[in-house]
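Have a look at the structure below, then the notes.
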Amino acid sequence: MIRIILFGLLLIGCSNISLGADNYKTSDTLFVWASNGLHLRSKPNTNSTILTTLKFGQNVAILEKTDFKFNVSCNSEPWIDNTNNKIDPLILYGNWVKVSVDSNLVGYVIDQYLLAIEPNGNKNEWVLKPINADTISTLKDLPDGSHSDLVIKKTYTHEITGIETTGENWGGTVYRFPGFTIEEVLVFFFFSKQEPTKYSIETNNKDEIIFTDHSCIEITIRHIGDDTTVDILGGC
């Protein structure tokens with residue numbers, strides 16, 4: 001199962017592919033998604049002075065992306081997939097970035113846990129609020145003899161969409177995150193809707209990661225073109 005770990009002297013949380021949180025530019029305002037906060041340091045390394053600890057949800061202004069690397073290893077227990085191959089843990093590859101806080105405090109943090117979406121004050125709470133919802137269908141027979149009872153498409157901020165489908169003994173939602181990297185979706189999704197310690201990594205490929213709770217839920221995250229999708233399927 002995915003563990004939340006203490007790495008170096010930064011309190012951060014997460015879940016072997018090369019994931020990079022570089023979908024931002026100078027002057028952007030981003031928000032802290034580290035569950036326990038991020039240390040703002042005087043220099044881009046863990047040996048420098050801690051100026052303050054940025055809280056979950058606090059915003060920062062991007063001043064400069066440095067060339068100093070910092071990688072976060074999100075270890076999981078060993079897991080064997082259906083082809084008897086060992087699944088490696090995810091590693092989030094990132095950089096130290098120079099930021100401004102409240103327009104008067106400047107320092108460095110790692111960029112893996114900086115996202116454009118503003119979180120709610122409560123951790124692990126779904127922050128996206130639908131701005132539009134359309135019923136696509138109310139009843140549809142499926143090839144296996146079951147039927148889909150309801151299909152609804154919802155549109156959220158940041159042009160994110162979700163198609164919710166419910167059936168007789170199952171339900172699922174496919175979310176589309178336009179322009180998001182897999183890493184950004186991993187950080188956002190597991191800290192706002194799902195409890196990461198419930199899941200193991202079943203598949204870990206370059207553009208596809210599958211999580212399972214070994215019971216009723218499977219979550220597939222795919223990067224297609226410039227977008228990332230999250231497919232949640234549950235049924236017991």
Are any of the residues in region 2-17 at pLDDT below 50, polar (S, T, N, Q) and outside the structural domain of Ser215 (by TED's automatic domain parsing)? yes
Residues that are among the aliphatic types (A, V, I, L, M) and more than 13 Å from Tyr93 (Cβ to Cβ), drawn from region 46-75: Ile50, Leu51, Leu54, Val60, Ala61, Ile62, Leu63
Output the number of residues of region 154-179 satisfying the condition of being touching a Ser or Thr at 6+ places or on another chain (Cβ under 6 Å) and more than 27 Å from Gly235 (Cβ to Cβ). 0
The residue that is modelled with the lowest pLDDT, considering only those in region 119-161 that are hydrophobic (A, V, I, L, M, F, W, C) and in a loop (DSSP other than H, G, I, E, B), is Leu142
Looking only at region 162-184, filter to residues that are out of contact with any His (no Cβ under 6 Å at 6 or more places or on another chain) and not in a strand (DSSP E or B); which one of those is surrounded by the fewest Cβ atoms within 10 Å (Cβ to Cβ)? Asn169
Exactly one of (1) surrounded by 17 or more Cβ atoms within 10 Å (Cβ to Cβ); (2) modelled with pLDDT of 50 or more; (3) at negative phi; (4) not acidic (Asp, Glu) is unmet by Gly37. Its number? (3)
Do we have Ile50 as among the aliphatic types (A, V, I, L, M) and at pLDDT below 50 here? no
Residue list for region 217-230, filter: under 13 Å from Ile182 (Cβ atoms) and acidic (Asp, Glu): Asp226, Asp227
Matching option when the condition is surrounded by 18 or more Cβ atoms within 10 Å (Cβ to Cβ) and modelled with pLDDT of 80 or more, among Phe191, Phe211: Phe211
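The values are calculated or read from the model by the stated rules, or taken from the named source; none is laboratory data. All of these numbers come straight from a predicted model, not from anything done at the bench. Virtual Cβ from ideal backbone geometry, glycine too; neighbours counted across all protein chains shown.
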